[in-house]
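Read the figures in this text as sums done on the coordinates, not as results from a lab. Because the structure is predicted, anything quoted here is derived from the model rather than measured. Here Cβ is always computed from backbone atoms with ideal geometry, including for glycine, and neighbour counts include all displayed protein chains.
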């Protein structure tokens, strides 16, 4: 029987669950079990829990058949627990290193108390960890061995949450206060266990990092994708909206006092608990904007029913407001409200003027166009900050023309890019009058980056974030920890842009998890695969041969694509290979295709017969098809190229610098299956060696490549664009099934494409029969 059972409720925590569980699994104290409880997770959290549980016997996954709410998830976890103590940990928080050891030692020293309160640090959203007030209060109790709430009523000021305490399981099972339903159930359980515990001890050190989350309303739509075996989430007055109402708070406090009435030790703590509740009800009244009279009546009724015998209220101005509230004097409180509202109005003059000036800066024409009805047959596409027609949006556009021809597509492109557009592409230039009309009236928006801040999302418009790669580097809100990567990014504006998203595309579970963490919002993650990668799955030999010929690659010649990524801390392209030495060493039978990142205007490469600068080539996918092997450092090209099941060499001479300055999601150079896609080099000499001795495509490299492909090419089966068009533009429910990577047949190798052509021709050049 384990000493500690860690109960983790699981719902809509795809972006944080893994880190939460790993914070427990990595503890030095080993006598524990983790019980994760999921009751239907539209974001795939339940599947992630199952995956982690399957890989580690210390984790047990409990699946509830019906939605149970936070109270039901915690209660079910406690029912499955076998440990001496229960520790309820939120899936958005983490257990600090060494926490379980400290908790276990304190419990043993106190001879198994009913309740142990421990400290925590609080990390605001987009902030750094800060000591909590609760931690300071617990430090004041450092000399107290064992007590009760009656002995130390100041314990009521410790945060009333279930995740800052260890509860003896037998005490929990015989307790008077179970978890209550709704958003206040956690608080009632915490106060109830503290009030009834016969022995309480404090651990005045931080054990949990409370990571405050961005509040995002979670709404389900009729065509919300739900994985097989998972229940659709309910909407309305529920835990997802976080708006069960202030009247529920009064009701829950009433339930708590009724449950405690007659419990051991309640008489001794009745008065301090009542005073605490009264102060909280007064504070809640201060933020109400509606239903104030009903709230005042409810509080007055609570006061009459649960007033302690002989209770004497405090004096002062605060007590006057409390007497008006508990006495049901809504009129008197209304007079105070009017005075406060007048004060708030005066304070709001400045911001109101600023907002008015801001509105005047928005083009008048755009505002007028937003008054007109949406055009249900109009879709807007954009890629790479309006650089042209490319990437995932381009693949969706092509498939939409095939499956949903009634939806017109208009591309947003810069004036420079407009001159080189393919024929037949309807487009607008940012800032033009037609641009504002299209942005105001289109229904669908597809982009692999965000649209500008000035774009206002109207009701009925649908925004699809396609992204433009699988993340190795830290993205979104995570960049706040890396100033060189953030480069002055306005994270408040980023969140406003992210809030416009309705769908976010993903090509693998790693990406889904990363996007959920990097961009906290109410977006629905569509695990469709990346549309741009469809061509890497279904390209025919003729296309591969044509691309190689256009690049000047001879039949039978080996083409190696070198595609390094952009480094936020560098201004110009720096080649970390001596390419001339590489080209000379590999010989005339090999050609190096060199592609600098698109953020760089040029590669700066000198002319060499064995080197072709393809930095300006419009299609990375065509370069992938042409290449026999990829050499890259930290570029997302490796994840796309893996679909071809061709050799990948990681050339990473500055990995330590990149990891420290830019931040990464996993250790690319660990050599572990799934992390590293093939051979790794750190110098020009090493790169020449792996191509000379066959390491680049040896047995070890192939095994690594297979594991990497299994992990990161999960949904890229050639039908990604079709999934997006059917689900978004045609509103078809669910998603087309995915063919697993092991069952896919990679496209032919470049040199095989030429052999295939030779086989198709007879000696006189005519097609053979």
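Can you figure out the FRET efficiency of residue 364 with residue 55, using R₀ = 41 Å and their beta-carbon distance, to the nearest 0.05?
According to the calculation, E is roughly 0.10.
When averaged across all projection directions, what area in nm² does the alpha-carbon convex hull of the chain cover?
39.3 nm²
Using the alpha-carbon atoms, what tilt in degrees (0 to 90, nearest 10) does helix 699-712 show relative to the longest principal axis of the chain?
The angle comes out at about 50 degrees.
Compute the angle between helix 317-326 and the longest alpha-carbon principal axis of the chain, please, reported from 0 to 90 degrees and rounded to the nearest 10.
Helix 317-326 sits at roughly 90 degrees to that axis.
Direction-averaged shadow area of the convex hull around the Cα atoms of the stretch 364-506, nm²?
Across all orientations, the stretch 364-506 yields a mean hull projection of 9.5 nm².
Once you have all Cα-Cα distances for the stretch 616-658, histogram them in 10 Å bins from zero and send the whole-percent values.
For the stretch 616-658, the pair-distance distribution reads 27, 52, 20, 1.
Could you compute the FRET efficiency for residue 1 and residue 176, with r as their C-beta to C-beta distance and R0 at 25 Å, rounded to 0.05?
Working from the Cβ atoms, E equals 0.50.
Remind me, relative contact order of the chain in percent, using alpha carbon pairs under 8 angstrom and six or more residues apart?
10 percent.
If you scale each eigenvalue of the Cα gyration tensor by 5 and take the root, what three semi-axes come out for the stretch 1-144, rounded to whole angstrom and sorted largest first?
That gives 26, 19, 14 Å for the three semi-axes.
Project the alpha carbons of the stretch 679-741 onto their principal axes and report the range along each, largest first, in whole Å.
Principal axes ranked by extent give 54, 20, 14 Å for the Cα atoms.
Hey, fewest Cβ within 10 Å first, where do 33, 19 land in order?
Listing 33, 19 from fewest to most nearby Cβ atoms yields 19, 33.
What does the extension gain come out to for residue 456 and residue 406, with contour length at 0.36 nm per residue minus their alpha carbon separation?
Extending this stretch completely gives an extra 15.5 nm.
Starting from the Cα of residue 271, step 7 Å along the direction of its Cβ; do the same at residue 290; then give the gap between the two resulting points in nm.
4.1 nm
Rg(Cα) of the stretch 95-208 divided by 2.2 N^0.38 Å?
Normalised Cα radius of gyration, the stretch 95-208: 1.03.
What ranking do 283, 513 get, fewest neighbouring Cβ atoms within 10 angstrom at the top?
283, 513
Quick one: divide the alpha-carbon radius of gyration of the stretch 431-557 by 2.2 N^0.38 Å and tell me what you get.
1.34
Enter the angle in degrees (range 0 to 90, nearest 10) between the Cα long axis of helix 185-196 and the first principal axis of the Cα atoms of the chain, meaning the one along which they spread out most.
Helix 185-196 sits roughly 40 degrees off the main axis of the chain.
Run through the DSSP bridge list for the chain and note the antiparallel percent, rounded to the nearest 5.
If we restrict to bridges inside the chain, about 20 percent are antiparallel.
Could you give the nm distance between label points at residue 80 and residue 146, where each point is 7 Å from its Cα heading toward the beta carbon?
With each label point 7 Å from Cα toward Cβ, the separation is 3.3 nm.
How would 179, 266, 88 line up from fewest to most surrounding beta-carbon atoms within 10 angstrom?
266, 179, 88
Taking a quarter of the surface of the Cα convex hull of the stretch 148-213, what do you get in nm²?
Quarter of the Cα hull surface area: 5.1 nm².
So if R0 is 41 Å, what FRET efficiency would residue 490 and residue 261 give, r being the distance between their Cβ atoms, rounded to the nearest 0.05?
Plugging the Cβ-Cβ distance into 1/(1 + (r/R0)^6) gives 0.20.
Note down, for the stretch 4-241, the three equivalent ellipsoid semi-axes (square root of 5 times each alpha carbon gyration tensor eigenvalue), biggest first, whole angstrom.
30, 18, 18
Can you give the extra length, in nm with one decimal, that the chain gains between residue 742 and residue 126 once fully stretched, where that is 0.36 nm per residue apart less the Cα-Cα distance?
217.7 nm
Specify, per residue and in Å³, the volume enclosed by the convex hull of the alpha carbon atoms belonging to the stretch 533-713.
Cα convex hull per residue, to the nearest whole number: 114 Å³.
For the pair residue 425/residue 65, report the inter-label distance in nm, with labels modelled 7 Å from Cα in the Cβ direction.
5.4 nm
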